[in-house]
Amino acid sequence: MTNFLAVERAVRTAAPHNLLGTVRAALVEHYEATEVDLLMADYSLTVLQQVTALPHTAEPLSVYASPEGRAFGSQEPYGRLVSREGVVDLHLPVTVRGDRLGILSARIPEARCTPEAVEELTAVAELLGHEIVVAERDTDLYLQARRAGRLTLAAEMQWQLLPGRACTRQEYAIGAQLEPAYAIHGDNFDWAATSETLTLSVTNGMGEGIQASLLTNLTVNALRNARRAGIGIEDQAALADQALYAQHRGDEYVSTLLLCFELATGRVQVVDAGSPQLWRQRDKSVERVDFEAQFPLGMFEETEYVAQEFGVLPGDRLIFVSDGVYSAATEVGEAYGERKLALAIQAAGLLPAAAVPRAILRELALYLDADAVDDALVVCLDWFGRDSRV
């Protein structure tokens, strides 16, 4: 523990751009590491890339076919003995409250790779993740390492708008993904929690390019502004509707599914203002959950929205998808459809929430025999409920 505390002090005082250098020096001093690398998951969650100064010259590593990817996928430390050298390559998840950022890799002597040391180094990787989130306010280094290619400007705006790609706490776990990751237009998701509620919105954007991104930015920020005023989701939808109509006079509008979960009971209020779909997996059954459709945000002036209610039970999995998933079609016009979507949800049943969206989007890409052309959004929410004994 003394070694961990020394590393913690060093990392917390490191310059934002020098977190890796500081961790490397500390692990060399306190754990006799001979190599230390930090790899970030790219926006499509398919490769891990080293954090280095530009230009990046190291080959990216697959999250599906590498030791580092194994640790990333399992979210457990993974060590591999390099027998001839008597050292262990240890790969540790860099994760912040369920949001998987990357992997910290360290080569240390086999004799130093004790269970206690692995536990301490796992804590170092978690600490590093928190520091990266803070450091990204002041440096582009870690965001640059997440890019396997160039982002369009619209995609840049959309990724900067997101709260993260995953979140975990006692009552729930969320995972989310957008595709095409490097050229997304208008689809978006957002969430925020208090001690008693979780508010979640899923936005199916309209249009393409910068215009679609600007429209979604206005929508999400209008919803956030209303939410932060402490009002209910009916009024959140109404105020966002007014903001969009005032700007575009009904010529452009946004489909949004807005939900507020009561963490203690599992009761959910829903405003269905458009086309995002909700699917529920309960036990072995997968079914679509329909609500009364209301007008998309910004379509008409001073629309009144009414919340509906439904409930979730511990063990439920909710899947939210945009029309880029359920309406996707092959070149010959064969739609993906609800049956194939239900099968994809079932096939991902054993995966954690953070891995589900990527798995469903991979199934979609295999069906289309190509990556998504239209925006495709998947959000997975696993509901655990609150233990009344706590």
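Before moving on, here are some points about what is shown:
- The one condition from (1) part of a helix (DSSP H, G or I); (2) under 22 Å from Ile233 (Cα atoms) that Glu156 does not meet is (2).
- Selection of the range 254-273 for residues being open to solvent by less than 10 Å² (accessible area, probe 1.4 Å), closer than 16 Å to Ser195 by Cα and either free of Cβ contacts under 8 Å to residues at least 60 places away in the same chain or of a type in the set (Asp, Glu) (or both) yields only Val268.
- For the range 246-274, filtered to residues that are among the small types (Gly, Ala, Ser) and not in a strand (DSSP E or B), the residue that is nearest to Gln294 (Cα to Cα) is Gly274.
- Only residues that are under 17 Å from the mean Cα position of the chain (by Cα) and open to solvent by 30 Å² or more (accessible area, probe 1.4 Å) were counted across the range 149-173, and they come to 6.
- Qualifying residue in the range 305-325 (condition: part of a strand (DSSP E or B), open to solvent by less than 20 Å² (accessible area, probe 1.4 Å) and touching a Cys at 6+ places or on another chain (Cβ under 6 Å)): yes
- Scanning the range 49-88 for residues that are under 20 Å from the mean Cα position of the chain (by Cα) and over 19 Å from Arg146 (Cβ atoms) turns up Arg70, Ser74, Glu76.
- Leu223 meets each of the listed conditions (1) open to solvent by 50 Å² or more (accessible area, probe 1.4 Å); (2) touching a residue at least 24 places away in the same chain (Cβ under 8 Å); (3) part of a helix (DSSP H, G or I) apart from (1).
- Filtered residue count, the range 338-377, keeping only those that are open to solvent by 30 Å² or more (accessible area, probe 1.4 Å), farther than 22 Å from Arg97 by Cβ and part of a loop (DSSP other than H, G, I, E, B): 7
- Residue that is surrounded by the fewest Cβ atoms within 10 Å (Cβ to Cβ) [pool: residues in the range 73-132 that are in contact (Cβ under 8 Å) with a residue 40 or more places away in the chain and polar (S, T, N, Q)]: Gln75
- Selection within the range 1-43 - among the β-branched types (Val, Ile, Thr) and assigned to a strand (DSSP E or B): Val36
- Number of the exception - Gly230 against (1) farther than 14 Å from Glu156 by Cα; (2) touching a helix residue (DSSP H, G or I) at 6+ places or on another chain (Cβ under 7 Å): (2)
- Any hit, the range 275-282, residues being among the charged types (D, E, K, R) and modelled with pLDDT under 95: no
- Qualifying residue in the range 117-140 (condition: part of a strand (DSSP E or B) and touching a His at 6+ places or on another chain (Cβ under 9 Å)): no
- The residue that is modelled with the lowest pLDDT, among those in the range 65-116 that are assigned to a strand (DSSP E or B) and farther than 23 Å from Leu5 by Cα, is Val82.
The values are calculated or read from the model by the stated rules, or taken from the named source; none is laboratory data. Only a predicted model underlies this, so the values are computations on that prediction, with no experimental measurement involved. Glycine gets a Cβ as well: all are built from the backbone with ideal geometry, and neighbour counts include every protein chain shown. Please note that ligands, DNA and RNA were not included when accessible areas were found on the heavy atoms of the full protein model with its side chains. Shrake-Rupley method; radii C 1.70, N 1.55, O 1.52, S 1.80 Å.
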